[in-house]
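Taking it in order: structure first as structure tokens, then the write-up.
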Amino acid sequence: MERDPVHATAAVTRRQFGVLAASGVASLTLPGCAHAATRPAAPRGRLAYANAPGVPVAVAGVARGAGDEATVEAVRAAALSATDFSWLSRGDTVLIKPVCNSGNPYPATTDPVALRAVIALLREKGAGRVIVADMSGVQFLRFDADRTRGSTRELMRRSGMAPAAEDAGAELHAFEEPGWDAFFEEVPAVEESWAGPVRLPNLLAQADHVVLVPRCSRHLLAGSTLGLKAAVGWWRHDTRLEYHRDASTFSEKTADANSVPALRSRQRLVLTSATKLLTTFGPDDGTVSEPETGLVFASTDVVAHDMVSLAWLIENRAALPRSEREGPIDDPNTSQTVVSFANRVVTAMLGGMGAALAAERLERYDLDSVWDDRVLGRAFEIFGGVPRVELADVGGRVPASIRERLANAVRLPTA
């Protein structure tokens, strides 16, 4: 497996401490004296699937160096295996939600080749208006009621997503552009972790369908960033402030926010191009791993999709030398101090010094298996239990050894 170090630690450390120096956050209390969590974490537990029906996840293989057309073919094969598109009527509006947390290229953001292929397939199946929209991370975009600094649209151009979307005939939107009042409030179906409603862009309510096209990446704060974590891109920045400030239920908030009716009633397909992965640090920088056989996977079920995506991330992360995988310099997910401090920095960006000082401690955790993930653990509880994932190798290009390892990784141990 080839790796392309992106000098993640140096770049991110300079950026974070530049922010600290500029904003005065360098005096924040670190975890040894951190403000204690004031609310207990929501209960966790995996539920046996017993005789539950299988949930298909289509997987297509792409040989390293095979070129864009091979990725396009894999995207089409995976999507067509995951859904028959019977939900799509001619002329419908489809909102594609990629991940544009930064302006960095894939896999720090969504694969533009996969994005273009999804747009073309939707057009072929009769979609009328196809919209590609997101809102970037606070380290690159400051958005409040008074002004906006930074631009998701410009970051999409830098990452390559904007030209790919426009060339394929899609509209490009940035959720911050219509302003602070272009959002509506909705309460998650499961709301114990949220103090109030989440604020979602009006554009979501105007769409008939949502197709989610995330990436497969490590994340400094969340452990990983896959389909469920991509929900953050919908949220206005006051919702993101609560997310980071009230961090004792950070993982639960991630899953619970995916239960909002506006999203659950529209989301039809989740597809990830994971021919490259960000296997350390994240979400914006880290070690890029490019396996000999890359994968594209798709499902109509975001939880089943994320189980496979996380299994693939863990597998590729395990192939790294231990010093890169676990060292405090290359991947500070191993350090509680860094995780807690970094979350306070983000909280300060969103809400100022007072919010940062009042922030609850964000607990780090290891991701050695799918069952360690707290976001998935919560999703199992609120979305009906552990899905019985049925992998479908479309095109016959996924080596049997990979299929077997992924199948074992997502199989409930007690089943």
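The values are calculated or read from the model by the stated rules, or taken from the named source; none is laboratory data. The shown structure was predicted, so the numbers you read here are calculated from the model rather than taken from an experiment. Using ideal geometry, Cβ is built from the backbone for each residue, glycine included, and neighbour counts are taken over all protein chains shown.
Report yes if some residue within region 70-84 is of a type in the set (A, V, I, L, M, F, W, C) and without any contact (Cβ under 8 Å) to a residue 12 or more places away in the chain; otherwise report no.
The first filter runs over region 70-84 and keeps only residues of a type in the set (A, V, I, L, M, F, W, C), leaving 70, 72, 74-75, 77-80, 82.
Now narrow it down to the ones that are without any contact (Cβ under 8 Å) to a residue 12 or more places away in the chain: 70.
Scanning region 70-84, I find at least one residue that is of a type in the set (A, V, I, L, M, F, W, C) and without any contact (Cβ under 8 Å) to a residue 12 or more places away in the chain, so the answer is yes.
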Index of the failed condition, residue 227 passing every other in (1) closer than 28 Å to residue 280 by Cα; (2) in contact with a Lys or Arg (Cβ under 7 Å, 6 or more places away or on another chain):
(2)
Using beta carbons and a limit of 8 Å, which pairs, at least six apart or on different chains, have the first residue in region 128-145 and without any contact (Cβ under 8 Å) to a residue 40 or more places away in the chain and the second one among the acidic types (Asp, Glu) and surrounded by fewer than 18 Cβ atoms within 10 Å (Cβ to Cβ)?
128/92
Scan region 353-366 and give yes if some residue there is surrounded by fewer than 23 Cβ atoms within 10 Å (Cβ to Cβ), in contact with a strand residue (DSSP E or B) (Cβ under 8 Å, 6 or more places away or on another chain), in a loop (DSSP other than H, G, I, E, B) and among the hydroxyl-bearing types (Ser, Thr, Tyr), otherwise no.
yes
Kindly establish whether residue 317 is modelled with pLDDT of 95 or more and either in contact with an Asp or Glu (Cβ under 8 Å, 6 or more places away or on another chain) or farther than 22 Å from residue 115 by Cα (or both).
no
Residue 122 versus (1) touching a residue at least 60 places away in the same chain (Cβ under 8 Å); (2) under 25 Å from residue 387 (Cα atoms): which is the lone unmet condition?
(2)
List, please: which pairs have Cβ atoms under 9 Å, are six or more places apart or on different chains, and start with a residue in region 86-102 that is free of Cβ contacts under 8 Å to residues at least 12 places away in the same chain and more than 17 Å from residue 236 (Cβ to Cβ) and end with one that is of a type in the set (D, E, K, R) and loosely packed, with under 15 Cβ neighbours inside 10 Å?
none
Any idea which of (1) assigned to a loop (DSSP other than H, G, I, E, B); (2) touching a strand residue (DSSP E or B) at 6+ places or on another chain (Cβ under 6 Å) is the one residue 211 doesn't satisfy?
(1)
Residue list for region 219-243, restricted to those being more than 9 Å from the chain's Cα centre (by Cα) and among the charged types (D, E, K, R):
236, 238, 240, 242
Matching residues, region 80-118, being within 24 Å of residue 391 (Cα to Cα), buried (at least 17 other Cβ atoms within 10 Å of the Cβ) and among the hydroxyl-bearing types (Ser, Thr, Tyr)
81, 83, 110
Could you go through region 288-295 and let me know if any residue there is among the β-branched types (Val, Ile, Thr), over 20 Å from residue 131 (Cβ atoms) and at pLDDT 95 or above.
yes
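Could you list, in sequence order, all residues of region 193-215 that are of a type outside the set (Lys, Arg) and within 22 Å of residue 374 (Cα to Cα)?
We begin by selecting, within region 193-215, every residue of a type outside the set (Lys, Arg); these are 193-198, 200-214.
Answer for region 193-215, where residues must be of a type outside the set (Lys, Arg) and within 22 Å of residue 374 (Cα to Cα): 193, 194, 195, 196, 197, 198, 212, 213, 214.
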Confirm whether residue 122 is in a helix (DSSP H, G or I) and modelled with pLDDT of 95 or more.
yes
If I go through region 202-260 residue by residue, how many of them are closer than 16 Å to residue 109 by Cβ, surrounded by fewer than 21 Cβ atoms within 10 Å (Cβ to Cβ) and among the polar types (S, T, N, Q)?
0
Working carefully through the options 407, 298, find the one that is small (Gly, Ala, Ser), farther than 26 Å from residue 244 by Cα and in a helix (DSSP H, G or I).
407
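Output the residues belonging to region 132-171 that are assigned to a strand (DSSP E or B) and crowded, with 18+ Cβ neighbours inside 10 Å. Give the derivation first.
Filtering region 132-171 for residues assigned to a strand (DSSP E or B) gives 132-134, 142-143, 148-149, 171.
Listed by number, the residues that qualify are 132, 133, 134, 143.
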Evaluation of residue 385 against (1) of a type in the set (Gly, Ala, Ser); (2) in a loop (DSSP other than H, G, I, E, B); (3) modelled with pLDDT of 95 or more (one fails), failing number:
(3)
